[in-house]
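Visitor: Could you have a look at this structure, given as structure tokens, before my questions?
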Amino acid sequence: MEYIAIVTLLALMQFMMFSIQVGSMRVKHGVKAPAISGHPEFERMFRIQQNTMEQLVVFVPALWIYAHLVNPLWGAGIGLVYIIGRFVYRAAYFKDPASRSNGFTIGILATSVLLVWSLVAAVMALI
Amino acid sequence: MEYIAIVTLLALMQFMMFSIQVGSMRVKHGVKAPAISGHPEFERMFRIQQNTMEQLVVFVPALWIYAHLVNPLWGAGIGLVYIIGRFVYRAAYFKDPASRSNGFTIGILATSVLLVWSLVAAVMALI
Amino acid sequence: MEYIAIVTLLALMQFMMFSIQVGSMRVKHGVKAPAISGHPEFERMFRIQQNTMEQLVVFVPALWIYAHLVNPLWGAGIGLVYIIGRFVYRAAYFKDPASRSNGFTIGILATSVLLVWSLVAAVMALI
């Protein structure tokens, strides 16, 4: 399970890095809390972080269920694809929000594979 | 634990479905990223999804702790109540945000039962 | 693992308490759903809750990985520091958002210790 732990920790650290970057944009552009708008760069970084959180809360439980029901090593590989997808998404969205779909799709596909495969494995284990 | 895995996967898929519906509302009403307002239907679906995330991040850990400390089968049953509550919430909120309280209450009650019962079980196991 | 379960449940309950307080501010200041702005007190409480969710989704998996790979009792101790940090953050932010950094730092340090120490432990277990 060390592989799954490492991939999970890396995904959590990636999200934390995005959160820190939101904070940096806040300072850089003088967007005072509790405001969540005021400068395009801040707003983009904030949406990147928020969207990554929406993915992360599905990805982490799906990864661990997959690791237990299917295969931890394959899970770690699919997890790395998710992390790469999120970096692609971050780079594209920050440059131009309209170009975000490729990175988004990589992450969502990785998570969907974990979810659907795990569900099939869990149902098969019961019948 | 297969029952708990299945209920967790269904709750994650439900949230992912709500996320996809936020994306659809974005396209349908021409709300361009990174904007998170601009059309009532988009804003309602966005709040449904956000509120579901706020519930999900409590529900999933609470469900697994309950399954380990109390009873996985009962946990799965309470988990199904949570999922139904979230669908009721989604339907009511989207029609009229003011009518959201019933669905909200079902979900929050299910999660509260998991939390409080687990806490009692954990403390009892220590003393 | 009972200690880790108890700390996790307390952190989840803390977040749920903050969520309920957002709802109370909504009612108190007449901020009708789906609006997420309209009164400074509501906006502050909303940002406190949102920021706590951003921390919670990293804290919970990091805590459990740490408990398995390093030490559950130390994990519980670090977890209590996180919870205290979030209460400090809540109190300061609600009074004056500009004073939020101390409470924020306590929580983020606790989570960072869990993340980095777990990563080191996981990598050491593999080599």
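Since every read-out is calculated from the coordinates, none of them should be taken as a lab result. Only a predicted model underlies this, so the values are computations on that prediction, with no experimental measurement involved. Counting neighbours? That spans all protein chains shown, and the Cβs are built from the backbone with ideal geometry, glycine included.
Visitor: Between rounded, prolate and oblate, where does the protein assembly as shown land on the alpha carbon gyration tensor, with a ≥ b ≥ c its root eigenvalues, rounded for a/c under 1.5, else prolate if a/b exceeds b/c?
Guide: Rounded.
Visitor: While we're looking at this one, here's another question. Using the 7 Å Cα-to-Cβ label point, sort the distances from C:THR105 to its equivalents in the other copies shortest first and give them in nm to one decimal.
Guide: Shortest to longest, the spacings are 4.5, 4.5 nm.
Visitor: Another question, if that's okay. Can you tell me the dipole magnitude for the protein assembly as shown around its Cα centre, using point charges on the Cβ only (Lys, Arg +1; Asp, Glu -1), in Debye to the nearest 20?
Guide: Here the protein assembly as shown has a charge dipole of around 1100 debye.
Visitor: Hey, another quick one. May I ask you to evaluate 6.51 cos²θ - 1.76 cosθ + 1.60, the Karplus curve with θ = phi - 60°, for each residue of region B:111-117 and list the ³J(HN,Hα) values in order in whole Hz, giving x for glycine and proline?
Guide: Whole-Hz 3J(HN,Hα) from phi for region B:111-117: 5, 5, 4, 4, 5, 5, 4.
Visitor: Here's something else I'd like to know. Listed here are the pairs B:LYS32/C:LYS32; A:LYS28/C:LYS95; B:LYS28/C:LYS95; which of them are more than 29 Å apart at the Cα?
Guide: B:LYS28/C:LYS95
Visitor: I've got another one for you. With springs connecting C-alpha atoms under 10 Å apart, model chain C as a Gaussian network and identify which of C:GLY107, C:GLY77, C:GLY38 has the largest mean-square fluctuation.
Guide: Result for chain C, Cα springs under 10 Å: C:GLY38 fluctuates most.
Visitor: Also, quick follow-up: Are there trypsin sites (Lys or Arg not before Pro) in region A:15-63 that DSSP puts in a loop and that have at most 16 other Cβ atoms within 10 Å, and which ones?
Guide: Sparse-neighbourhood loop trypsin sites (Lys or Arg not before Pro): A:LYS32.
Visitor: Using the Cα centre of chain B as the reference point, and only Cβ charges (+1 on K/R, -1 on D/E), how large is the resulting charge dipole? Debye, rounded to the nearest 20.
Guide: 420 debye
Visitor: Once the Cα gyration tensor of region A:47-126 is diagonalised, what are the square roots of 5 times its eigenvalues, in whole Å and ordered largest first, as equivalent ellipsoid semi-axes?
Guide: 27, 11, 9
Visitor: Pick out, from A:GLN49, A:MET13, A:ASN71, the residue whose Cα sits farthest towards the positive end of the charge dipole of region A:1-97, with +1 on the Cβ of Lys and Arg and -1 on the Cβ of Asp and Glu.
Guide: Checking the options against the dipole of region A:1-97, the answer is A:GLN49.
Visitor: Still on this structure, I have one more. Over the whole of A:4-14, what's the average partner chain Cβ count within 10 Å per residue? Rounded to a whole number, please.
Guide: 6
Visitor: Kindly write out, for region C:14-27 in residue order, the coupling ³J(HN,Hα) from the Karplus curve 6.51 cos²θ - 1.76 cosθ + 1.60 (θ = phi - 60°), rounded to whole Hz, with x marking Gly and Pro.
Guide: Per residue, the Karplus-derived 3J(HN,Hα) values read 4, 4, 5, 4, 4, 5, 5, 5, 4, x, 4, 5, 4, 5 Hz.
Visitor: What nm distances, shortest first, do you get from the label point of B:GLU41 to those in the other copies when the point sits 7 angstrom along Cα to Cβ?
Guide: From this label point to the equivalent ones elsewhere in the assembly: 3.7, 3.7 nm.
Visitor: Of all the residues in chain B, which one has the C-beta that comes nearest the axis relating B to C, and what is the distance in Å?
Guide: Axis-proximal residue of B, distance in whole Å: B:VAL57, 3.
Visitor: I've got another one for you. Residue by residue through C:22-30, how many Cβ atoms from other chains fall within 10 Å of the Cβ on average?
Guide: Per-residue shielding by partner chains comes out at 0.
Visitor: Which of these, A:ILE78, A:ILE65, A:ILE36, has the largest mean-square fluctuation under a Gaussian network model of chain A (Cα springs below 10 Å)?
Guide: A:ILE36
Visitor: Running a GNM on chain B with Cα contacts under 10 Å, which residue among B:ALA33, B:ALA92, B:ALA62 ends up with the highest mean-square fluctuation?
Guide: Of B:ALA33, B:ALA92, B:ALA62, the most mobile in the Gaussian network model is B:ALA33.
Visitor: Ordered by residue, what ³J(HN,Hα) values in Hz, to whole numbers, does region B:6-13 give under the Karplus form 6.51 cos²θ - 1.76 cosθ + 1.60, where θ = phi - 60° and Gly and Pro are x?
Guide: 5, 4, 4, 4, 5, 5, 5, 5
Visitor: Do you know the relative contact order of chain A, to the nearest whole percent, from alpha carbon pairs under 8 angstrom that are 6+ apart?
Guide: Dividing the mean separation by the residue count of chain A yields 27 percent.
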